[in-house]
Amino acid sequence: MEDNTSRKHDLSQRFLQFAVDGIKLFVQMNKSYAEIHIAKQLTRSITSCGANYEEASGAESKADFVHKLQIVLKELKETQYWLKLLCKAELGEKIKIESFSCECAELSRIIGKSIITSKKM
């Protein structure tokens with residue numbers, strides 16, 4: 001069975017890859033005003049997810065840990081919004097955006113369950 005430290009490391013790496021993949025997606029987008037605006041918003045939210053997850057790993061208390069995970073979830077939800085907007089506005093490659101959106105949804109479920117579990121402890 002995998003230990004808690006290993007799972008945290010894997011999730012940290014996943015958030016890092018999530019940000020890298022998002023940045024690569026945005027670099028490939030056209031440079032219309034709308035795409036630039038959305039790309040900047042997405043870059044902020046996707047990079048914030050991993051940074052806040054790392055902060056949660058160093059939390060000073062259970063309450064601090066839960067609070068920081070809630071911030072991660074909030075940033076993931078914001079990311080999901082911007083991705084939906086890209087799809088609806090037909091900006092960027094739909095296949096790549098949908099794949100990225102699936103990873104965002106999965107990370108949201110993981111963090112959501114972590115918040116629930118941490119609150120029960």
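The values are calculated or read from the model by the stated rules, or taken from the named source; none is laboratory data. Keep in mind the model is a prediction, meaning the values are calculated, not measured. All Cβ positions, glycine included, derive from the backbone under ideal geometry; neighbour counts span all protein chains shown.
Observations on the structure shown:
- Odd one out for Glu60, checked against (1) part of a helix (DSSP H, G or I); (2) over 13 Å from the mean Cα position of the chain (by Cα); (3) surrounded by fewer than 16 Cβ atoms within 10 Å (Cβ to Cβ): (1)
- Residue match in the range 66-78 (condition: assigned to a loop (DSSP other than H, G, I, E, B) and either under 21 Å from Thr117 (Cα atoms) or modelled with pLDDT of 95 or more (or both)): no
- Screening Thr43 on (1) farther than 17 Å from Ile110 by Cβ; (2) at pLDDT 95 or above shows it passes everything except condition (2).
- Within the range 79-121, tally of residues that are among the small types (Gly, Ala, Ser), in contact (Cβ under 8 Å) with a residue 60 or more places away in the chain and in a helix (DSSP H, G or I): 0
- Residues (surrounded by fewer than 19 Cβ atoms within 10 Å (Cβ to Cβ) and in contact with a Lys or Arg (Cβ under 9 Å, 6 or more places away or on another chain)) located in the range 67-81: Glu78
- Residue check for Ser48: touching a residue at least 24 places away in the same chain (Cβ under 8 Å), part of a helix (DSSP H, G or I), surrounded by fewer than 16 Cβ atoms within 10 Å (Cβ to Cβ) and of a type in the set (Ser, Thr, Tyr): no
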